[in-house]
1. For region 67-111, what % of the accessible area comes from carbon and sulfur atoms, probe 1.4 Å?
2. What does the highest-first list of 96-105, 80-89 look like by mean Cβ count within 10 Å?
3. Using a Förster distance of 22 angstrom, determine the FRET efficiency expected from the C-beta separation of residue 72 and residue 44, and round it to 0.05.
4. Between residue 109 and residue 54, with labels modelled 7 Å along Cα→Cβ, what's the label distance in nm to one decimal, could you check?
Amino acid sequence: MSASLVRATVRAVSKRKILPTRAALTLTPAAVNKIRTLLHDKPEYIGLKVGVRTRGCNGLTYTLDYTQEKGQADEEVLQDGVRVFIEKKAQLTLLGTEMDFVESKLSSEFVFNNPNIKGMCGCGESFSV
């Protein structure tokens, strides 16, 4: 009575093009240089950790911290000798994002150019996906 009704066949596929995986986060040269500068005087840290937390008028905001070790669920982005770790909670919201460092007369900050954002607050501090 437990006869199988579904049949499956396995075939070897030759000459199939395998697409390269894309990094969850890409860094601009300005961001790489700033991270390298920040970590230069802090040999106890191995990189920066990017995360998100619930805050602000639109839901989520980015967090940036120094890190001494890679967390078990963190995704590591290694670019031009700089290591950035993405917390598990932030991985889907950061997919395809470019991290930049921008300096103006009044401020200097990391800017996340995120194609997944559906809404932002007026000040640019928080976002929703």
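The values are calculated or read from the model by the stated rules, or taken from the named source; none is laboratory data. Nothing here was measured: the structure is a model prediction, and the numbers come from that model. For neighbour counting, all protein chains shown are included, and Cβ atoms are generated from backbone atoms with ideal geometry for every residue, glycine included. When the accessible area is computed, the model is the full protein with side chains, heavy atoms only, and any ligands, DNA or RNA have been set aside. Shrake-Rupley method; radii C 1.70, N 1.55, O 1.52, S 1.80 Å.
1. The value for region 67-111 is 46 percent carbon and sulfur by accessible area.
2. Values: 96-105: 14.6, 80-89: 17.2.
Order by mean packing, descending: 80-89, 96-105.
3. Calculated value: 0.60.
4. Modelled inter-label distance: 2.3 nm.
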